[in-house]
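Structure first, commentary second.
The values are calculated or read from the model by the stated rules, or taken from the named source; none is laboratory data. From a predicted model like this one, the values you see are computed outputs, not experimental measurements. Using ideal geometry, Cβ is built from the backbone for each residue, glycine included, and neighbour counts are taken over all protein chains shown.
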Amino acid sequence: MPHQALTHGILFTDQYQLTMAQVYFRLGIHEQPALFEHFFRSYPDYGRHQAGYCISAGLEPFVRWMQAAQFGDAEIELLRGLRGSSGASLFADDFLRWLRRYGSFEGLTLRALPEGRVAHPLVPLTVVEGPLAQAQILETALLNHLNYQTLIATKAARIRESAGANLVMEFGLRRAQDTGANAGTRAALIGGADFSSNLGMSIALGVPPKGTHAHSMVQAVIAMGMSELDAFRAYAEVYPDDCLLLVDTIDTLGSGVPNAIRVFEELRRKGHRPRGIRLDSGDLAYLSIQAAKMLDQAGFPDTTIVLSNDLDELVIWQILTQIRAEAAQDGIDPEALIRRLVFGVGTQLITSTGAPALGGVYKLVALKYDGGWRPAIKISDTPEKIANPGHKRAWRLYDRRGRATADLLALDDEDLDAMPMITLRHPSDVAKQRSVRRDEVRIEPLHVDVVREGRVIYAWPTLEEIRETRRRDVACLDPGVRRLIHPHVYHVSLSEKLWQLKYELIARARQG
């Protein structure tokens, strides 16, 4: 079996998904309609700072994988060869025959939070409904696709928040985890990066790739007995209208910037407009100010200054703060300088440094039996880990200012419009609740129908449409929720009816 098909097809899963599916098969409940929800319990915590919201991403690549994945003859034969600790076959022939015939996701229905939307804990990113065994087997791939891209899109959104209107370029391909870099690039572009250095993925997404040169180009030229200036001239000769030079290989202010200016003057005399410089080490705020001063004095006040070197949202924030405090002392307009800056963000973004995993989970919340949905619940000694049971819908409430004020989970049969007052109950703290008048809030359903019994019924938005969704959703958050450090807690609540169901089930379970 080809390596790519083996590792990226339907066997891209954990073994326990199939062992559970065989148990369901033996119990005769493998085709019982089930309802699973995928959600995360807490925002990424980066140590020195925390997220106050997430950005949903990864849905379209996951659904495309889901559409293609199925158990064929090759997969069945590989499973047939697996053995348990006694040496007996791990999977029985009758189960494998069933898996070969029904081993795809054609029976599943999927509702989801669209990509680019702001997401909060406990509110499902996806809801999967369909035959129990198929829905169970789907878990690993779903979590793998959606958790990582949501994590990276969230990090990118925070970097975008810190960078303001400045361009942000994703430079993380060389530091990413293998081919996961492609998913990371896509998520970064959804979350707020404007461009990426990832050539193939940029082209695939319809975004122009961006990049300049590395220190090695300058080093190679010098090793041949030439100079930094010769390296810059060679680059400018090949790319006269896209000349952006990395100036810190030897001495940023002593040689790098002066040599770049000489090359820029030569380009200008030939009728070309130089693009700018890149700074990749040292005190980036101080060097930006001094480089801008030298470029301005040479008559290049509009050239770009690209900053890179382990940037994240806090480092960008500190750079901008320092420029605003110090630039005027050198005769530089701080805001004019800031408008020239471009941030190249690599490792910290593509790896979500400090919070390397989202922690999204996939929980059974209901099973259809005797014609009706029976809620399922998982009990935990940690109240925050008790899942919210039942067939539900998710809503976002907006106040009179148009600000998102709460996300509400309610049972599927609840009519919020018929309620003069809507009670919002804290999911795990029984003492916390509040009520809002229905006529004082705008209510929006959060989920859209994506797949119905295996068939995609959703029109996939373009990347730019997803980005616009993210911009709109983030703009509706209160500034406190958008804070980079110690953000305000956004309210995720249960309806009174759902809250009563949850705690009734908890009481029953604890009574045995």
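Just for the range 493-512: of the residues that are surrounded by fewer than 12 Cβ atoms within 10 Å (Cβ to Cβ) and not charged (D, E, K, R), which one is nearest to SER435 (Cα to Cα)?
Going through the range 493-512, the residues surrounded by fewer than 12 Cβ atoms within 10 Å (Cβ to Cβ) turn out to be 507-508, 510-512.
Filter once more, keeping what is not charged (D, E, K, R): 507, 511-512.
Details: ALA507: 25, GLN511: 31, GLY512: 34 Å.
That would be ALA507.
Output the residues belonging to the range 235-257 that are in a helix (DSSP H, G or I) and surrounded by 16 or more Cβ atoms within 10 Å (Cβ to Cβ).
Taking the range 235-257 first, the residues in a helix (DSSP H, G or I) are 235-238, 252-257.
TYR235, ALA236, THR252, LEU253, SER255, GLY256, VAL257 - these are the residues of the range 235-257 that are in a helix (DSSP H, G or I) and surrounded by 16 or more Cβ atoms within 10 Å (Cβ to Cβ).
Among what's in the range 203-234 and is more than 15 Å from GLY346 (Cα to Cα) and among the polar types (S, T, N, Q), pick the residue that is farthest from the chain's Cα centre (by Cα).
So the residue we want is SER227.
So which of GLN149, GLN177 ends up being in contact (Cβ under 8 Å) with a residue 24 or more places away in the chain, assigned to a loop (DSSP other than H, G, I, E, B), out of contact with any Cys (no Cβ under 9 Å at 6 or more places or on another chain) and not aromatic (Phe, Trp, Tyr)?
GLN177
Would you pick out the residues in the range 348-371 that are more than 24 Å from GLU384 (Cα to Cα), under 22 Å from the mean Cα position of the chain (by Cα) and surrounded by fewer than 17 Cβ atoms within 10 Å (Cβ to Cβ)?
Selection gives THR353 alone.
Would you confirm, using the coordinates I've provided, whether GLU139 is surrounded by fewer than 24 Cβ atoms within 10 Å (Cβ to Cβ) and either among the acidic types (Asp, Glu) or out of contact with any Cys (no Cβ under 8 Å at 6 or more places or on another chain) (or both)?
Answer is yes for this residue.
Go through the residues of the range 460-468 one by one and say whether even a single one is modelled with pLDDT of 95 or more and assigned to a strand (DSSP E or B). Quick ask: steps written out before the conclusion?
At the first step, the residues of the range 460-468 found to be modelled with pLDDT of 95 or more are 460-468.
Keeping just the survivors that are assigned to a strand (DSSP E or B) gives none.
Checking the range 460-468: not a single residue is modelled with pLDDT of 95 or more and assigned to a strand (DSSP E or B).
Taking ILE190, is it in contact with a helix residue (DSSP H, G or I) (Cβ under 6 Å, 6 or more places away or on another chain), part of a helix (DSSP H, G or I) and either exposed (fewer than 15 other Cβ atoms within 10 Å of the Cβ) or touching a residue at least 40 places away in the same chain (Cβ under 8 Å) (or both)?
Working: in contact with a helix residue (DSSP H, G or I) (Cβ under 6 Å, 6 or more places away or on another chain): yes; part of a helix (DSSP H, G or I): yes; either exposed (fewer than 15 other Cβ atoms within 10 Å of the Cβ) or touching a residue at least 40 places away in the same chain (Cβ under 8 Å) (or both): yes.
The answer is yes for ILE190.
Output the residues belonging to the range 74-128 that are among the hydroxyl-bearing types (Ser, Thr, Tyr) and either over 25 Å from ILE386 (Cβ atoms) or at pLDDT below 95 (or both). Before the answer, list the steps.
Residues of the range 74-128 that are among the hydroxyl-bearing types (Ser, Thr, Tyr), as a first pass: 85-86, 89, 102, 104, 109, 126.
Selection gives SER85, SER86, SER89, TYR102, SER104, THR109.
Within the range 423-440, work out how many residues are part of a loop (DSSP other than H, G, I, E, B) and basic (Lys, Arg). Steps first, please.
Looking only at the range 423-440, we keep the residues that are part of a loop (DSSP other than H, G, I, E, B), and these are 426-432.
Pick out the ones that are also basic (Lys, Arg) and you get 432.
Matching residues across the range 423-440 total 1.
Going through ASN182, ASN198 one at a time, which residue ends up being touching a helix residue (DSSP H, G or I) at 6+ places or on another chain (Cβ under 7 Å), surrounded by 14 or more Cβ atoms within 10 Å (Cβ to Cβ) and more than 29 Å from ILE338 (Cβ to Cβ)?
Working: ASN198 fails: more than 29 Å from ILE338 (Cβ to Cβ).
Unique residue meeting the criteria: ASN182.
Kindly evaluate VAL481 against the criterion of being surrounded by 13 or more Cβ atoms within 10 Å (Cβ to Cβ) and outside any helix (DSSP H, G or I). First the steps, then the outcome.
Working: surrounded by 13 or more Cβ atoms within 10 Å (Cβ to Cβ): yes; outside any helix (DSSP H, G or I): no.
For VAL481, the condition - surrounded by 13 or more Cβ atoms within 10 Å (Cβ to Cβ) and outside any helix (DSSP H, G or I) - is not met.
Working only within the range 143-179, note down all residues that are more than 14 Å from PRO356 (Cα to Cα), buried (at least 21 other Cβ atoms within 10 Å of the Cβ) and not hydrophobic (A, V, I, L, M, F, W, C).
HIS145, ARG158, ARG160, SER162, GLU170, GLY172
Exactly one condition in (1) part of a helix (DSSP H, G or I); (2) among the hydrophobic types (A, V, I, L, M, F, W, C); (3) under 17 Å from the mean Cα position of the chain (by Cα) is not met by VAL168; state its number.
VAL168 satisfies all of (1) part of a helix (DSSP H, G or I); (2) among the hydrophobic types (A, V, I, L, M, F, W, C); (3) under 17 Å from the mean Cα position of the chain (by Cα) except (1).
In the range 412-460, how many residues are closer than 28 Å to LEU108 by Cα, surrounded by 16 or more Cβ atoms within 10 Å (Cβ to Cβ) and not aliphatic (A, V, I, L, M)?
Of the residues in the range 412-460, 4 are closer than 28 Å to LEU108 by Cα, surrounded by 16 or more Cβ atoms within 10 Å (Cβ to Cβ) and not aliphatic (A, V, I, L, M).
Quick one: what pairs do we get from the range 454-476, first residue more than 25 Å from GLY52 (Cβ to Cβ), second acidic (Asp, Glu), C-beta under 6 Å, 6+ apart or different chains?
From residues that are more than 25 Å from GLY52 (Cβ to Cβ), the pairs are GLY454/GLU106; ILE457/ASP449; TRP460/GLU60.
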